[in-house]
Amino acid sequence: MLFRSEAHHGAAQFDPAKVITLKGTTVALHFTNPHAMINFEVKSPQGESVVWIGELQAPNILKRGGWNKFTLKPGDAVTVTGYPMKSGDPAIWVNKLTGPGGQDLPLFNH
């Protein structure tokens, strides 16, 4: 499993030629600099639980969209779309995040 400190790196680690979508359950939201991170649990095709880490924008950018450290809570259902790591590790640069109730959460990726 990747831990928060292991996932922060340059964008070169992600594969912009691939876009994946994952459905899972929030484990934790780390609303800290330099990038907010979400840990979320996804069931593999074999039925195993895999904890992914999603790299988000900086908290000050997310705050402009109404985020705070309580926007996602453990147990919240999420759908995460973005670029996976080239290495195959369970990490993703998040381009779209749908939270509880099917609401898209603003990421300000532009």
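I want to check a number: in the chain, how many lysine pairs have alpha carbons closer than 26 Å, given a sequence separation of 8 or more or different chains?
For the chain, the number of qualifying lysine pairs is 18.
Starting from the Cα-Cα distance between K96 and A17, subtract it from 0.36 nm times their residue separation and give me the gain in nm to one decimal. Show your work: numbers first, answer last.
On the way: separation 79, 0.36 × 79 = 28.44 nm, distance 1.58 nm.
Length gained, K96 through A17: 26.9 nm.
Dividing the convex hull volume of the Cα atoms of the range 19-64 by its residue count, what figure in Å³ per residue is obtained? Intermediate results must be reported in sequence, preceding the final value.
Working: hull volume 3.8 nm³, N = 46.
Per residue, the Cα convex hull of the range 19-64 comes to 82 Å³.
Quick check: pseudo-label points 7 Å beyond the Cα along Cα→Cβ at N68 and D89, how many nm apart are they?
3.3
For the range 10-31 and the range 81-96, what is the centre-to-centre distance using only Cα atoms, to the nearest Å?
The two parts, judged by their Cα centres, are 4 Å apart.
Mind jotting down the three principal axis lengths of the range 68-110 based on Cα atoms? Whole angstrom, largest first.
Here the spans come out as 31, 27, 19 Å, largest first.
As a test of understanding, state the convex hull volume per residue of the chain from its alpha carbons, in Å³. Don't skip to the answer; put the middle values down first.
Working: hull volume 11.1 nm³, N = 110.
Cα-based convex hull of the chain, divided per residue, equals 101 Å³.
What is the list of residues in the range 74-107 whose amide nitrogen lies under 18 Å from a point 7 angstrom out from the Cα of T32, following Cα to Cβ?
Answer for the range 74-107: 74.
Would you work out which of P45, L107, L97 lies farthest towards the positive end of the dipole of the chain? Charges go on Cβ: Lys and Arg +1, Asp and Glu -1.
Final value for the positive-end residue is L107.
Multiply the residue gap between Q103 and T81 by 0.36 nm, knock off their C-alpha separation, and tell me the result in nm, one decimal place.
Values: separation 22, 0.36 × 22 = 7.92 nm, distance 1.37 nm.
Length difference between fully extended and current span is 6.6 nm.
Read phi for every residue in the range 60-77 and hand back ³J(HN,Hα) as whole Hz from Karplus 6.51 cos²θ - 1.76 cosθ + 1.60, θ = phi - 60°, with x for Gly and Pro.
5, 6, 5, 4, 4, x, x, 6, 8, 5, 10, 4, 10, 10, x, x, 5, 6
A short reminder: the numbers here are calculations on the coordinates, not readings from a lab. Predicted, not measured: the structure shown is a model, and the values here were computed from it. Here the Cβ is made from the backbone with ideal geometry for all residues, glycine too, and neighbour counts use every protein chain on show.
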